[in-house]
1. VAL72 versus (1) open to solvent by 10 Å² or more (accessible area, probe 1.4 Å); (2) over 30 Å from GLU237 (Cα atoms); (3) assigned to a helix (DSSP H, G or I): which is the lone unmet condition?
2. So, in region 248-264, of the ones that are of a type outside the set (Gly, Ala, Ser) and surrounded by fewer than 19 Cβ atoms within 10 Å (Cβ to Cβ), which residue ends up nearest to THR112 (Cα to Cα)?
3. When only residues in region 128-161 that are of a type in the set (Gly, Ala, Ser) and closer than 23 Å to PHE247 by Cβ count, which is surrounded by the fewest Cβ atoms within 10 Å (Cβ to Cβ)?
4. Within region 113-155, work out how many residues are more than 24 Å from ASP346 (Cβ to Cβ), outside any strand (DSSP E or B) and among the aromatic types (Phe, Trp, Tyr).
5. Output the residues belonging to region 202-217 that are touching a residue at least 40 places away in the same chain (Cβ under 8 Å) and open to solvent by 40 Å² or more (accessible area, probe 1.4 Å).
6. Hey, can you tell me all the residues within region 75-117 that are among the small types (Gly, Ala, Ser) and open to solvent by 50 Å² or more (accessible area, probe 1.4 Å)?
7. State whether one or more residues within region 225-243 are modelled with pLDDT of 95 or more, in a loop (DSSP other than H, G, I, E, B) and either among the polar types (S, T, N, Q) or buried (at least 21 other Cβ atoms within 10 Å of the Cβ) (or both).
8. Considering only region 290-314, state which residues are free of Cβ contacts under 8 Å to residues at least 24 places away in the same chain and over 19 Å from the mean Cα position of the chain (by Cα).
Amino acid sequence: MEKLYKNNIHYLLVFFLIITVFLTGCSQSTEKESAAPANEEPGKQEDAAEKLSELTIQAPLGISIAAPIYKVVDDNHLQEYTNQLNYMPWKNPDELRARISANQADISAVPTYVGANLYNRGMDVKLMNVLIWGILYVVGPNGEQVSWEQLEGQTIHVPFKGDMPDLVFQYLLNKNGIDPTKDIKIEYVSSPQEIVQLMIADKAKYAVVPEHVATLSVVKGKQEGKNLAKIMNLQEEWKKATGRDSFIPQAGILVSNSLIEEQPELVEEIQNQFEQSVQFINENPSEAAAIINKMNEDVPKPIIEQVIPSLNLQFVSAKDAKDDLEFFFNELSTLSPEIIGGKLPDAGFYYEK
């Protein structure tokens, strides 16, 4: 009898222990379920934790490489990946470089050689694509197209000393037998927009300027009674000098490598959106001009629409543009190898998706 009693006590203890474990498990499960939002699918919380608080894109002031960015920002289709999309204009290449060095921008619209230079100097960046294929012109008095010989002895105003307009112009001067230090006088200014005022005030006769400023110079000049024109297309001069197509892989999109590693799907989506943006702008110039005008109210919509065909906008992934880029970098490095950081960037510079 005593043995039976002890056995019953043992069984009861085991029974209560099992019940206690079961109830504790249910309680913990209930707490976990109550901590998650209702109807949340498995894995959703993990995705939410990876969503960026903000994503910052920078581009130059004006209407060129910034045009496709304006469309991406206006569409605002990146809510799945970031809570806030920031756009910051850069006023000059020094400001552009400083922001990249300080990790203040995730995506940057850059002259392609600047991207190569930063990469070769140890910045953890990759080039995603090339979007601008040459937008440089010599603007001067309206009349017949000038020759290089006619520019000898003249004063030419050029923005951004040592940067894209200056480098391409100096390269072409050399190719045409003109010494930039002896046969011609180059006056540097701080921005393309400054050149417009100088030409209207008759303080500059010839200038090397990118679009949209080239067209703006002509239009504003006409309004002020000045008969100006784009008198030399530097893309055509590039073709004559190099024997290649009249396309200069001038500007594209640079991305931080950390963003690629941490947010590969986001970066792939941004690449897709740039491709779609370029296509939209080229096929719908009037609608695109209205979008761009929101970000550039100082430039009238009709002028923006007029400029769009001259932007030479074409989406080419960095890996597909590699041959053109390496030729371009090699030619610029004849002025100075330090322009691209002393060497061609290796394969790690080119975004692969």
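1. (1)
2. Initially, region 248-264 is screened for residues of a type outside the set (Gly, Ala, Ser), giving 248-250, 253-255, 257, 259-264.
From what is left, the residues that are surrounded by fewer than 19 Cβ atoms within 10 Å (Cβ to Cβ) are 257, 261-262, 264.
Numbers: ASN257: 16, GLU261: 22, GLU262: 24, PRO264: 22 Å.
Result: ASN257.
3. Step one: of region 128-161, the residues of a type in the set (Gly, Ala, Ser) are 134, 140, 143, 147, 153.
Pick out the ones that are also closer than 23 Å to PHE247 by Cβ and you get 134, 147.
Working: GLY134: 24, SER147: 10.
Among those residues, the one meeting the criterion is SER147.
4. Residues of region 113-155 more than 24 Å from ASP346 (Cβ to Cβ): 134-155.
Narrowing the set further to residues that are outside any strand (DSSP E or B) leaves 134-135, 142-154.
Next, only the ones that are among the aromatic types (Phe, Trp, Tyr) stay: 148.
So the count comes out to 1.
5. Quick first cut of region 202-217, residues touching a residue at least 40 places away in the same chain (Cβ under 8 Å) only: 204-217.
LYS205 - this is the single residue of region 202-217 that is touching a residue at least 40 places away in the same chain (Cβ under 8 Å) and open to solvent by 40 Å² or more (accessible area, probe 1.4 Å).
6. Initially, region 75-117 is screened for residues among the small types (Gly, Ala, Ser), giving 98, 101-102, 105, 108-109, 115-116.
Scanning region 75-117 gives ALA98, SER101, ALA102.
7. No, the conditions are met nowhere in region 225-243.
8. Of the residues in region 290-314, the ones free of Cβ contacts under 8 Å to residues at least 24 places away in the same chain are 290, 293, 297-298, 300-302, 305.
Once the filter is applied, which keeps residues that are free of Cβ contacts under 8 Å to residues at least 24 places away in the same chain and over 19 Å from the mean Cα position of the chain (by Cα), region 290-314 yields ALA290, GLU297, ASP298, PRO300, LYS301, PRO302, GLU305.
The values are calculated or read from the model by the stated rules, or taken from the named source; none is laboratory data. These numbers come from a predicted model, not from an experiment. Ideal geometry is used to build each Cβ from the backbone, glycine not excepted, and the neighbour counts take in all protein chains shown. Protein only, heavy atoms only, side chains kept; ligands, DNA and RNA dropped before computing areas. Shrake-Rupley method; radii C 1.70, N 1.55, O 1.52, S 1.80 Å.
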